[in-house]
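Written out below as structure tokens is the structure these notes cover.
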Amino acid sequence: MKLGKGLAIGLLLLAVFGARLYFNATAKSYSDSESYYVLRQVDSIKATGLPAIQDQLSFGGKQVSMIPGYYYLMAGLSYLGEWFAFKIFPALISALLALAAYLVASEFTKEWPLALIAGYFAGFVPAFFRMGTNTLGKSPMTLTLFFFCAFFLIRLENQKPAFRGLLACSIALTLISPLALLLVAIVWVYMGLISLQELKIQGKSFEFMLFFTFLTLLLNLLAFARSGLESGMLGLLNAYPQSLFNAPGLDWVLLISGVNLFVLVLGVLGAYYAVSLDANKRAASLLLSLSIGIVLLGALRLIGLESVLSYIGVVLSITSVNALSQIMDYAKKLRVMRGVLIAAFIAIVILPVFAVGIYEGFSKPSASIEDTEALSWLANVATGDEATIAPAEYGHLITYFAMTENVADSNFINSRDFGQRQEDIQRAYAVPFETEAIALFDKYNVKYILLNPQIMAKYNISGISYIGDENCFENIYNQSVKIFEVKCNLR
Amino acid sequence: MQSKVNPLTKNLAFIALLGLFALLSVPLARLSLGSPVLFGEDGLSELRLGRLALTRGFAFEDAMTVPSTTLRLDLSNCLLGLLNRIFPASWLVFIQIALGVLLLAGFWGLMLRLDLQKKLSFISALVLAISPGFVRLFSRPMSQAFPLLLIVWGAYFWVAKGKLIQNIIGVALLGLAMWMGLPWLISIMLFVIGYSIFIRRRITTPIVLGLIAVGAFFGMRYMLHFAPLPLVEIANRIAFELGGVGALSLGCVILGIIGIFLTWGKSRGLAPGYALVGFALLDVALFSGQGGMLLLLFPGLSGFMLDKLFSKTWAMPVVKYSTYTFAFMLLILSLGIAIAKSVDDVPNGSEYSALLTLRELGGGVTFSAPRYSSAVQAIAEKPVLLFSDPKAANASRIIFTSQTLRRTLPPLSKYNISLILITRRMIEQGNVENGKGLMFLLRNNETFKKLYDVNGIQVWEVLRQP
């Protein structure tokens, strides 16, 4: 029986790992620009031993506030081989999320096959597949560590050995992501929920909460105090792009497409059963706290929609185990044959969940090879202290491949005027008058303009109207992607 | 050989020394760097307002801002002005430091008189001594320090058992504090009522409440400053590390909140404390208060938490000592940042020299970055732009960033700006950029004339008005 269980867990991990690795291995470029920022930081650590804190290329030069643990980890792993660090390791982390979800779900039920299904659901949550495939960003690792912490905390609350595991996972989370602050808030909300239910908080859990709270606050204060003190919380939020605040919120269509309909239905049902069953009150309260925290952060637009959907998807995957348990009990009462039930379940739920997840992997766009080739070519031409103008989503590609400054990228903390820069970039592409465009280029020291079909579609233009003036603009790279050199200024 | 020194005296001495160290480090560090001991947007502004309160009264139009604004002052500003009449301005810094040490002693004594444990009182006083708000209020002349001091000592004397003369002194001090703003009046009322109901009745309670009623009746129109703040600004006012004026360190806030959770419902005597916390938060949210009472309340609540932390039995020693270390580092880090920020605050030595020179020059409204407004008004005695006015703020943005005189000259003329102060810090912090915007236009010697250029600090005269 134990061998069967171990084998099943191994197969689950292999399935999730294999699916992720397939997409990681076959993609010719990463799907988000943040991956290239990670590569720059890895290069900096390998060259100097330190991450690039004074980033001369981002936003024309600025101080970066960060928690560098993740970049050090990737730099260290890259010594084992770049393929291992940048292809295999991210796939492994995603597979471990399925394991974490299985472990949490097994605290709700003694039926390990049901917990395994919950892990399977978590591994193929569409939003997480979108977020975590073919990327080097730290979000998948943060998510995985989050749920491992949840697992150990639930065990600790149920008076099982878990303290050392919890300490290790929580310290790792603190060293990697400021989202550890969210976990701090969640455990205190959890404590409040437990108190309201007149349950006693376990002594070790309380110790962990205190330790984790002070550790996380201290590390984040050390990492972000400078930017917080200079600009204040208002300043930090002012730097937050208005476009994110204006982005569409969560609605049912997004929820279903991000979480998967079956997982959503089973998860909500299961959450209801979890709350009403006495035996699972602590675990249910923790997952409820987590959901409240994530939804609140999402509502405040402090984390992206993909992240919100990923976390909610995993929570619902875990709570679905309660619904599955009830379905199994009901089926036994109806004396439905086990084989029929399993076959129906595989056909109706298991296969579609897998299919939707894989579909998300196939449909996730990567940075185009033409863009990366063009920018790599520009690196041979540019002298270094000029900027290349392009929308913010190309910012990290510009700094990594072209090695010139960018006007904006996704690292907007510490930038004073991200919103203004976004507006100026749009005006630079869309404005009809050369003088106005050149004034903008002067403002940001722009020497090169990147133009491709995606940028034209983004700004709804068929081309740049003033680019025909050969005295001021020269087309120095002319493929499907074009690069223009700016030869004039107003001064 | 057993020490003959009373342990309580040792505690008091330690608290006083810690407070003295925290406060004295600011002026001493500034002096060693050649910066004046009078500093800070708030400190210099308070000094000027103190002088004005004695000559202009409690409500008047301030001609030192363009456009002018109505200022509403209170008794605390008068007190500061009075001190400035008696002592030179630079002495006020050291007088304020002495008052800070006095506050610590009063706070510690008050906690003992409220029958709180000696260890708890000691820890709370230490947390207060290393709070950023304490450094801010007592390292420079700040009128907001006076009501705090009066409330602490007033309460200390008022709660004394069987000592009528002390009780009367307490009533007098609390009565004085009531005239320093509606939030203080309400705080005193909550404390007095709460103490009388939940802890011990006092004979003098009706007298205090009567004074409150009189103060509210006569002083209300001078004391009501209803000005709600957005959520982020509230956070800035409470927690120092979030970049605003913040009374408390983040560590103290967290410890205090946990302290509330731990003590909730355990003792009726703490009810006035919770009411005061609730009101203090409302004061920040609705009256644009600085959260002064929080500076007393949260260290007290933090003391509960820290006391529990130290007396708790831990499962793993490494977790225990790590937690102590992290909590201690959080508190100390905030103190260090607060001191460093104060040492670096405007004006430094070079800026001070430029401001003294600016005072000798003719001319009227001086344009500079917002953080220099108080310094220009107080030291150079020149009017400045009122940056809180949206039109003036927009005009300042144009003046800083525009690269054409056609756009820059109209706002200069509209606000009658005749002098421009540019400092090295303004360039470093991005208010202006070399070769761009205003710095580009200043090269036009038909419109601007450089009057002063020392150590990267420039004063320009605006020659032409359209």
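Descriptive notes on the structure:
- All of A:GLU373, A:GLU393 fail the test of being under 23 Å from A:GLY463 (Cα atoms), more than 22 Å from the chain's Cα centre (by Cα) and charged (D, E, K, R), apart from A:GLU373.
- Among residues of region B:199-211 that are closer than 12 Å to B:ALA172 by Cα, those with a beta-carbon under 9 Å from a residue that is surrounded by 18 or more Cβ atoms within 10 Å (Cβ to Cβ) and at pLDDT below 85 at least six positions away or on a different chain give the pairs B:VAL208/B:ARG202.
- Number of positions in region B:313-335 that are more than 7 Å from chain A (Cβ to nearest Cβ) and either loosely packed, with under 14 Cβ neighbours inside 10 Å or in contact with a Gly (Cβ under 6 Å, 6 or more places away or on another chain) (or both): 7
- All of B:ALA177, B:ALA172, B:ALA160, B:ALA155 fail the test of being surrounded by 22 or more Cβ atoms within 10 Å (Cβ to Cβ) and over 12 Å from B:LEU296 (Cβ atoms), apart from B:ALA177.
- Test: residue in region B:292-303 that is within 13 Å of chain A (Cβ to nearest Cβ) and of a type in the set (S, T, N, Q): yes
- All conditions in (1) farther than 20 Å from A:ASP43 by Cα; (2) over 25 Å from the mean Cα position of the chain (by Cα) hold for A:PHE362, with the sole exception of (2).
- Region A:200-212 residues that are within 8 Å of chain B (Cβ to nearest Cβ), paired with ones that are of a type outside the set (A, V, I, L, M, F, W, C) and part of a helix (DSSP H, G or I) (beta carbon under 8 Å, 6 or more apart): A:GLU207/B:LYS320; A:GLU207/B:THR323; A:PHE208/A:SER170; A:LEU210/B:THR323; A:PHE211/B:SER322; A:PHE211/B:THR323
- Of the candidates B:LEU282, B:LEU297, B:LEU276, B:LEU255, the single residue that is assigned to a helix (DSSP H, G or I), over 20 Å from B:GLY181 (Cα atoms) and of a type outside the set (Gly, Ala, Ser) is B:LEU255.
Table: residues versus (1) more than 21 Å from B:ALA378 (Cα to Cα); (2) open to solvent by 50 Å² or more (accessible area, probe 1.4 Å).
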{"position": "B:LYS10", "(1), (2)": "yes, yes"}
{"position": "B:GLY19", "(1), (2)": "yes, no"}
{"position": "B:LEU23", "(1), (2)": "yes, no"}
{"position": "B:SER45", "(1), (2)": "no, no"}
{"position": "B:ARG51", "(1), (2)": "no, yes"}
{"position": "B:SER68", "(1), (2)": "no, yes"}
{"position": "B:LEU71", "(1), (2)": "no, no"}
{"position": "B:ILE86", "(1), (2)": "no, yes"}
{"position": "B:LEU92", "(1), (2)": "no, no"}
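- Check on B:SER143, crowded, with 19+ Cβ neighbours inside 10 Å, not in a helix (DSSP H, G or I) and not acidic (Asp, Glu): yes
- Residue ID - nearest to the other protein chains (Cβ to nearest Cβ), chosen from residues in region A:442-491 that are under 33 Å from the mean Cα position of the chain (by Cα), assigned to a strand (DSSP E or B) and within 30 Å of B:LEU441 (Cα to Cα): A:VAL446
- A:LYS110 vs. criteria assigned to a loop (DSSP other than H, G, I, E, B), open to solvent by 40 Å² or more (accessible area, probe 1.4 Å), farther than 30 Å from A:TYR359 by Cβ and at pLDDT below 90: yes
- Matching residues in region B:188-215 - criterion: being more than 15 Å from B:ASN167 (Cβ to Cβ) and either open to solvent by 20 Å² or more (accessible area, probe 1.4 Å) or basic (Lys, Arg) (or both): B:MET189, B:LEU190, B:ILE193, B:ILE197, B:PHE198, B:ALA213, B:VAL214
- Criterion: within 13 Å of chain A (Cβ to nearest Cβ), polar (S, T, N, Q), open to solvent by less than 30 Å² (accessible area, probe 1.4 Å) and closer than 22 Å to B:ASN455 by Cα - qualifying residue of B:SER402, B:SER342: B:SER342
- Count - residues of region B:414-456 that are more than 35 Å from the chain's Cα centre (by Cα) and over 27 Å from B:LEU356 (Cβ atoms): 5
The values are calculated or read from the model by the stated rules, or taken from the named source; none is laboratory data. Predicted model, so just to flag it, every value in this text is computed and none were measured. Quick reminder, even Gly has a Cβ in these numbers, built from the backbone with ideal geometry, and neighbours come from all protein chains shown. The area values use the complete protein model at the heavy-atom level, side chains included, leaving out ligands, DNA and RNA. Shrake-Rupley method; radii C 1.70, N 1.55, O 1.52, S 1.80 Å.
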